[in-house]
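Notes to accompany the following structure.
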Amino acid sequence: MRWTVHGERTLYDSDWVRLTLVDVELPSGARYEHHVVRIPQPAAATVVRRRGEILLLWRHRFITDSWGWEVPAGEIQEGEQPEEAAVRETLEETGWRPGPLHELGSYFPMNGRSDQRFHVFVADGAEQVGDPSDPAEAERVEWVVDTRVRELLRDGSITDGYSLVALYWALGS
């Protein structure tokens, strides 16, 4: 059953996020306003595999006041393709340039509330070209062996949605 959209109005808008109210009508005829979070640019993530290892960041997220392991990821800039963003973000956050990327897929993490789409890639190797250009991104950057990554997934040490999907896809491929 498809819902009918009658209009949309913006409640808040910034470079990072737009909050809107969308006037929708259900097939039953019921009509109401639904909050939607619009993300101006989609996100890109990459998992880099090298000799059975995966490149991860250990970082703190102030919004949830939590620490955890994450894959390198970030926003796609104007005029940039998702693959280009994945390479740029990995390089900025880790100092490693991933080899050729292979797309694992893309998904909408909260399609009931947001239009944000994540693109997930895997590379079969990487070259260290220096230190991370943005040291505020992570407390540390490490190559973690596949078996340890599987343990981190099982014990709840990885709670970030980007990373969960990217790692499960990468380890399953």
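Things to note:
- Scanning the chain for GluC sites (Glu not before Pro) lying in DSSP loops with no more than 14 further Cβ atoms inside 10 Å, the longest uninterrupted stretch between such sites is 1-77.
- Listed values (i) 167; (ii) 135; (iii) 147, entry calculated as volume of the Cα convex hull per residue in Å³: (iii)
- Neighbour count of at most 10 Cβ within 10 Å plus DSSP loop: longest trypsin sites (Lys or Arg not before Pro)-free window in the chain: 52-173
- For the chain, relative contact order (Cα pairs under 8 Å, six or more residues apart, normalised by length) works out to 23 percent.
- Projected label distance in nm at residue 78 and residue 1, using a 7 Å step from Cα toward the beta-carbon: 4.2 nm
- Chymotrypsin sites (Phe, Trp or Tyr not before Pro) restricted to the range 34-124 and DSSP loop, no more than 12 other C-beta within 10 Å: 62
- For residue 159, residues with placed amide H under 5 Å, excluding near neighbours: 69
Coordinate-derived values only; no laboratory data. The structure presented is a predicted model; accordingly, all values stated were derived computationally and were not measured. Reconstructed Cβ throughout: ideal geometry from the backbone, glycine too, with neighbour counts over all protein chains shown.
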